[in-house]
Amino acid sequence: MSQLTSLWNYLNASPNVGTAIVGVAASFAGAWGAQVAIFRRDQRREVIATLRAVNEAQALCFAICNSFMSLKSQHLVAMLARFREIEKRFESFLKEKREAEENGKPEIFAFQADLQTLPLSKVPIDRLERVVFEKLALDTRTLALAIELNKGIDAVNTSTAARNEQLTSWYEGPPMSHDKMLIRYLGIKFENGADEKYKQTLVAIESYCNDCIFFSKLLSEALTEHGNGVRRKYRHHIFWRLPKVSEADYSSEKARKLIPDAKDYEQWLSGFQSHPTIRGRIKGFLSRKKNPAILSGNPKA
């Protein structure tokens, strides 16, 4: 209040009030313009930093997804195909075994166990989480995707390490008979139960690998949507040279075969239903069809 009083006294005491008012107005406009310019500059820096963080997260997502796609295509697909083929052959063998024994020709089931160890997946998930949680303002669903991806990576490595340790114990332990190896490898039930550790671990690696591929792909798509939304929000600043948002391409035939079906994740996806925006609600209200009026009573003859 004292500053306004001083300004008023200055204007009254000035011999040329009009000139003084113009001077004060010009000073105010200059100060206001400088503040706007500073705000615009800081805003542009923040938007550019956000878009660069989106592109960094996109690159990390692509590296992670590509790593697990490679694991699946180079190791898991063939390994699981051979394992399931042995299971099928063993089922057929059991049906034919009784008939062979009745004829006095007992058969032995011949199989080749796939005892190749798998590499642990070293991917930049820690860096991705820092970018997603610290540098970007993302919605709950996108953050949940990053969490699920971290869980999947940890589960893949835990299951892979368990399988590798089991194979090491088989190699370093006492030699196993053919029947014992068959029982442990396929998880066959016998008198004392069933040892399904190897089978369950192998299936778990496949399942968790699919989780990593699926969630990293969805996270990549969510990041693209977020980045494009930021660019649209500031598209009216025609003099701003904003970075373009990168987008991963999973449209190749090989990639489509490796990506798991979204139907397997319907329960997870249903927990994050998107709510309509105000614009969507207005559009839906204006486009709705009016129900025809129905008159009660009997029609006139």
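A few notes on this one:
- Solvent exposure of region 173-270 amounts to 64 Å² per residue of accessible area, where only protein heavy atoms count and the probe is 1.4 Å.
- For Lys254, the accessible surface of its heavy atoms amounts to roughly 140 Å² (probe 1.4 Å, protein chains only, rounded to the nearest 10).
- Solvent-accessible area of Ile183 with every protein chain in place, 1.4 Å probe, in Å² to the nearest 10: 50 Å²
- Shown here are the Rg and Dmax of the Cα trace of region 123-254, at 22.5, 78 Å.
- Using R0 = 22 Å, the C-beta based FRET efficiency linking Lys257 and Lys151 works out to 0.35.
- Projected label distance in nm at Glu225 and Lys97, using a 7 Å step from Cα toward the beta-carbon: 5.2 nm
- Rolling a 1.4 Å probe over the protein chains gives Met181 an accessible area of about 40 Å².
- Whichever aspartates and glutamates have a C-alpha closer than 14 Å to that of Lys95, once near sequence neighbours (fewer than 8 apart) are set aside: Glu87, Glu107
- Computed on protein heavy atoms with a 1.4 Å probe, the accessible areas place Tyr208, Tyr265, Tyr171, Tyr185 in the order Tyr171, Tyr208, Tyr265, Tyr185, largest first.
- Legend: residues Leu120, Leu80, sorted from most to least accessible area (1.4 Å probe; ligands, DNA and RNA excluded), read Leu120, Leu80.
The values are calculated or read from the model by the stated rules, or taken from the named source; none is laboratory data. Quick caveat, the model's predicted, so the values are computed rather than measured. For neighbour counting, all protein chains shown are included, and Cβ atoms are generated from backbone atoms with ideal geometry for every residue, glycine included. SASA here: full protein model, heavy atoms, side chains in, ligands and nucleic acids out. Shrake-Rupley method; radii C 1.70, N 1.55, O 1.52, S 1.80 Å.
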